[in-house]
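Here the structure comes first, spelled out in structure tokens, and everything after it is commentary.
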Ligand SMILES: [Zn+2]
Ligand SMILES: [Zn+2]
């Protein structure tokens with residue numbers, strides 16, 4: 001497990017404990033396993049605010065014919081809906097929400113997370129094809145003053161396991177899935 | 001009547017309406033579309049130091065070239081000519097490249113360069129050679145005419161010209177009828193941006209076009225007042241999906257956001273691929289009033305957009321300003337990008353935005 005300190009201007013007081021990370025990543029991995037058993041892209045993705053899941057996404061690219069409907073985008077939509085229904089300010093929820101995801105978010109999703117000011121992303125394996133948190137590009141800490149807020153990453157959580165699930169999935173052949181590989185860091 | 005039918009009629013209405021505007025509103029000579037090229041294509045040609053030697057006797061040239069090439073084959077410098085002609089006032093007629101400074105043996109300073117140290121006499125006969133000197137030569141083959149012209153000032157260089165790129169860099173790639181059509185599309189994007197602004201959104205518009213059929217597929221404006229990620233480009237992608245029976249957003253509140261259902265011949269052509277892969281923007285052009293952000297640019301990669309035309313640059317833009325995602329080597333889809341289409345009108349929208357923010 002490696003921590004990447006992205007040097008944001010945000011204060012560092014907000015950080016989940018190792019226990020919390022373990023618990024929510026276990027949940028994300030359960031989701032991914034579930035998806036795999038149902039023949040879907042094995043990516044688990046949770047947005048957690050105040051010890052509560054406020055967004056849960058699964059890849060919906062095929063159904064919607066919209067190639068941007070990644071798990072993270074759906075989870076963010078749910079978070080915003082949750083805020084609306086709970087009548088709370090989305091901004092103050094987002095800045096204390098963590099994304100737990102089994103695969104590194106792509107460049108698009110990483111930018112979306114910035115735009116919504118999500119402060120922390122915990123992920124499993126790298127996404128060598130599209131990764132936006134260092135693998136192809138690093139938009140987490142880039143100087144983009146008009147693209148939300150920089151965020152921090154905890155990378156490599158149960159990475160081997162996440163890769164294995166994806167490999168199993170590719171053997172069943174689905175051309176729409178991201179194809180991540182682990183790198184020996 | 002279903003929503004789809006209403007939208008379809010609206011979409012079919014879009015083209016004749018804009019055609020009526022053609023002659024009156026503005027003139028397609030007032031702008032030019034320039035390509036947004038990769039860094040390798042747009043940077044100045046990199047120069048590298050080489051050692052050259054005067055050829056004092058022209059008759060020795062072909063032998064010298066043969067012997068020099070065998071001693072120093074210059075594998076990475078196939079693009080530079082071995083020999084150049086000198087100006088009439090030069091004491092010697094020709095000069096030849098011997099090797100790169102970095103390849104030269106036992107050279108600590110310029111003074112140490114000599115024919116003897118560079119050219120063992122059993123490999124290169126010294127007849128007809130002058131004193132070696134250092135020159136700068138282009139390190140890489142030129143990719144564009146400006147790079148070629150700069151490189152040639154230093155040393156004669158060969159250039160495999162891509163005429164399309166040369167025309168594009170001069171802003172002359174598109175013919176007047178093509179420009180007139182591009183202007184129509186961008187005018188629709190500008191109109192959508194204005195409509196969006198009237199509903200309290202940012203003044204940004206986007207139009208997706210099938211260039212083969214010359215058909216507008218979707219017209220979108222920014223909707224981030226409703227959802228922070230509903231940038232005009234994201235909205236336009238979802239409208240294209242909607243036109244193909246998919247889609248995830250709701251646009252009931254935005255009459256200016258429209259999509260067209262695919263015409264029968266285009267569905268039969270593509271339905272087989274699309275059943276497997278939702279790369280629905282394949283072969284389509286996007287016209288957007290302002291350079292897309294990182295999220296939108298990557299969404300266009302995922303959607304396999306054909307080409308992107310934008311009006312003005314934006315501060316965090318990802319198709320030229322901060323990044324050139326469309327030229328990123330590690331990504332599995334690359335596309336052409338042009339900036340400057342109807343730039344004045346698009347800039348004017350940015351002005352409206354600025355005024356809105358001051359209020
Ligand atoms: Zn993504
Ligand atoms: Zn955007």
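The values are calculated or read from the model by the stated rules, or taken from the named source; none is laboratory data. Bear in mind that the values here come from a model prediction, so they are computed numbers and not experimental data. Cβ coordinates were reconstructed from backbone atoms using ideal geometry, including for glycine residues, and neighbour counts include every protein chain displayed.
Taking the range B:137-238 and the helices (runs of 4 or more DSSP H) fully enclosed by it, the elements with 3 or more residues that are assigned by the TED database to the domain that holds residue B:254 and more than 16 Å from ligand 1 (Cβ to nearest atom) are at B:176-198. Only residues that are out of contact with any helix residue (DSSP H, G or I) (no Cβ under 8 Å at 6 or more places or on another chain) and either crowded, with 19+ Cβ neighbours inside 10 Å or not assigned by the TED database to the domain that holds residue B:222 (or both) were counted in the range B:329-339, giving 1.
Tally up the residues in the range A:122-134 that are away from ligand 1 (no atom under 12 Å from the Cβ) and surrounded by 22 or more Cβ atoms within 10 Å (Cβ to Cβ), please. So the count comes out to 4. Looking at A:75, A:35, which one is within 16 Å of ligand 1 (Cβ to nearest atom) and within 13 Å of chain B (Cβ to nearest Cβ)? The conditions single out A:75.
Against the condition buried (at least 20 other Cβ atoms within 10 Å of the Cβ), more than 13 Å from chain B (Cβ to nearest Cβ) and within 27 Å of residue B:316 (Cα to Cα), how does residue A:101 come out, does it pass? When the stated conditions are applied, residue A:101 passes them. Among all residues of the range A:62-70, there is none that is within 11 Å of the chain's Cα centre (by Cα), at pLDDT 95 or above and away from chain B (no Cβ under 12 Å).
Within the range A:78-111, the residues that satisfy the criterion of being in a helix (DSSP H, G or I) and within 16 Å of ligand 1 (Cβ to nearest atom) are A:78, A:79, A:107, A:108, A:109, A:110, A:111. When residue A:147 is tested against (1) within 21 Å of residue B:227 (Cβ to Cβ); (2) within 15 Å of ligand 1 (Cβ to nearest atom); (3) within 8 Å of another protein chain (Cβ to nearest Cβ); (4) part of a loop (DSSP other than H, G, I, E, B), just one condition goes unmet, and that condition is (2). Being within 14 Å of another protein chain (Cβ to nearest Cβ) and away from ligand 2 (no atom under 14 Å from the Cβ) is not true of residue B:195.
For residue A:109, state whether it is surrounded by 21 or more Cβ atoms within 10 Å (Cβ to Cβ), more than 10 Å from every other protein chain (Cβ to nearest Cβ) and within 21 Å of residue A:29 (Cα to Cα). Spelling it out, it is not the case that residue A:109 is surrounded by 21 or more Cβ atoms within 10 Å (Cβ to Cβ), more than 10 Å from every other protein chain (Cβ to nearest Cβ) and within 21 Å of residue A:29 (Cα to Cα).
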